[in-house]
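The values are calculated or read from the model by the stated rules, or taken from the named source; none is laboratory data. This structure is a prediction, so every number in the text was calculated from the model and none was measured. Note that we place each Cβ from the backbone using ideal geometry, even for glycine, and neighbour counts take in every protein chain shown.
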């Protein structure tokens, strides 16, 4: 399998809809391809974020307002320039050019000229815009209100009102800024849980990321609500792709109560046993499989690891796990 095929099947695999005969080939390629592995991480993260926000159908009033706004925006569009119309005419008449070589030549020449002129006008516009952006705020006619430094305007979330003072050129502009906020609540609070799941997918602050995974794992181990499409999914993503062995172990601990009842969790633990680079994580994965050691797929993985794994400690732990499983009569 090449990268193109793997990327085409990325979303299908993320949702568990890839045919069984293609799963092994897909996993084998992604495991050995850094680019595809990175893209799969992004797909899984996007899936987790999508699951956090239920799909809400827009109301009829919203649809009507959106259509009105769209019509107004279309009405404000400037008329097309002559070279744009020429370009459209070239495209619309392209099918007839084969039977009219002379006309084709003329249209090509006209199109080339229009392209040159259009590029020239575009370059002039860009140059004028760049020159304006280099001017200081006072030179550009922008007056910054007291308490609003120019650097702070980068954090503007939106303008709420504009009022021009009578008989003057002074304009009062009220705007909202993006400011940090803090919320306090129980771990059972849906808002708190949503924020924790968002933090578990962010690597901007490693400390916050690690703490969020630890809290989510503790919630699952405590027997609180841990839905497959919510916290459980976030923990499986952390188990598969987090770079910190400590975080991956925490994710394993959070998934422990669901190994017996959720096949997807069981598969994620088996993948961790087979593919994780840290011996401590692999050992923890073997310990989690104790309730399902009699499962055929689990027995096969343990048998394979106990005989062929390069780590002698992992081989011994796998053999101990197999010794506790009664032989099939």
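Under the condition of being farther than 19 Å from residue 268 by Cβ and without any contact (Cβ under 8 Å) to a residue 12 or more places away in the chain, which residue from region 6-26 is farthest from the chain's Cα centre (by Cα)?
So, considering only residues that are farther than 19 Å from residue 268 by Cβ and without any contact (Cβ under 8 Å) to a residue 12 or more places away in the chain, the one farthest from the chain's Cα centre (by Cα) is 21.
Please specify each residue of region 296-321 satisfying the condition of being buried (at least 18 other Cβ atoms within 10 Å of the Cβ) and farther than 16 Å from residue 275 by Cβ.
Within region 296-321, 306, 317, 321 qualify.
Checking the structure you have, find out if any residue of region 226-234 is surrounded by fewer than 18 Cβ atoms within 10 Å (Cβ to Cβ) and over 14 Å from residue 45 (Cα atoms).
yes
Filter region 28-57 down to the residues that are modelled with pLDDT under 70 and either in contact with a helix residue (DSSP H, G or I) (Cβ under 8 Å, 6 or more places away or on another chain) or outside any loop (DSSP other than H, G, I, E, B) (or both) and list them by number.
Selection gives 48, 49, 50, 51, 52.
Would you confirm, using the coordinates I've provided, whether residue 200 is farther than 30 Å from residue 161 by Cβ and under 18 Å from the mean Cα position of the chain (by Cα)?
So residue 200 passes the test.
Hey, could you check region 166-210 for residues that are touching a helix residue (DSSP H, G or I) at 6+ places or on another chain (Cβ under 9 Å) and assigned to a strand (DSSP E or B) and say which is farthest from residue 225 (Cα to Cα)?
So, considering only residues that are touching a helix residue (DSSP H, G or I) at 6+ places or on another chain (Cβ under 9 Å) and assigned to a strand (DSSP E or B), the one farthest from residue 225 (Cα to Cα) is 175.
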